[in-house]
Amino acid sequence: MNFIQSIIIAVVEGLTEFLPISSTGHMIIAEKALNIESTDFTKMFTVAIQLGAILAVVVLYGKKFFDFKRWQFYIKLIVGVIPAIVLGALFNDKIDDLLESTTTVAIALLAGGIILLFIDKAFKSQTINSEKGVSFGKSFIIGIWQCLAMVPGVSRSAASIIGGMQQKLTRNAAAEFSFFLAVPTMGAATGYKLLKYYKLKGGFSTEEIKVLAVGNVVAFIVALIAIKFFITFLKKYGFRIWGIYRIILGAVLLFLIWKGYLNK
């Protein structure tokens, strides 16, 4: 992976990490389109690049993340990330295998798109308007929903937002809590991947460090813009447009796979 390819992947990550359309799925598609070879480094990069994007959440919601008097907020995030840590550790190798499957991404995009078409109508009696109304139990359940995103193409954002709405959060509150939960979730995933790669290869080359650094900076900048856009768009239009997008993209990918233009 060269610098240009890493920048393109980083832009894709920054744009899609917080949208309900699957950042991992889009990065896999981008890697296939750019003919990037699937290696231990590219698999690690696909996860580690998300660190830059989630740091954008810490910057945009700095007052909440650095208000140490509200210890309950941090406990909620810890509770919410437990399911992902446990399942991620148990099924890490299987998850890595799925990262190479374009068919899995296409099917997940299509199925998730159909679900998003009906989310706004399915959840109408939402009563929790902010993170303060999220109990530890609700946080844990949302964390379980988030684990669905271990299948590439599902979307961590979509899974956790739907989980939040199922727990009576309004769609705006669910989206924001999804952002908050991304920080410990992706922070832990990034740390695990970096450590695993370090042990496997005995360290990082200077070139690899530069690629990771550039990618994370680009992802951070793009994510800052994407988060603000998503919240504004969500308030006005809801999820239906994202469902339509996912269905179209999933169908196109399945067609290209069927015709042999993309590897399965």
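Worth pointing out:
- Matching residues, the range 210-258, being without any contact (Cβ under 8 Å) to a residue 60 or more places away in the chain and among the polar types (S, T, N, Q): Thr232
- Within the range 172-211, the set of residues being out of contact with any Lys or Arg (no Cβ under 9 Å at 6 or more places or on another chain) and β-branched (Val, Ile, Thr) comprises Val183, Thr190, Thr206, Ile209, Val211.
- Within the range 77-103, the set of residues being part of a helix (DSSP H, G or I), touching a residue at least 40 places away in the same chain (Cβ under 8 Å) and more than 16 Å from Cys147 (Cα to Cα) comprises Thr102, Thr103.
- Yes/no for Leu224 being more than 17 Å from the chain's Cα centre (by Cα) and either in a helix (DSSP H, G or I) or of a type in the set (A, V, I, L, M, F, W, C) (or both): no
- Qualifying residue in the range 122-141 (condition: under 21 Å from Ser38 (Cα atoms), β-branched (Val, Ile, Thr) and buried (at least 17 other Cβ atoms within 10 Å of the Cβ)): no
- Members of the range 26-40 found to be surrounded by fewer than 18 Cβ atoms within 10 Å (Cβ to Cβ) and either within 11 Å of Asn263 (Cβ to Cβ) or not hydrophobic (A, V, I, L, M, F, W, C) (or both), listed by number: Asn35, Glu37, Ser38, Thr39, Asp40
Just so you know, all these numbers are worked out from the coordinates, no wet-lab data involved. Just so we're clear, the structure is a prediction, and the values are computed from it rather than from any experiment. Every residue, glycine as well, gets a Cβ built from its backbone with ideal geometry; the counts of neighbours run over all protein chains shown.
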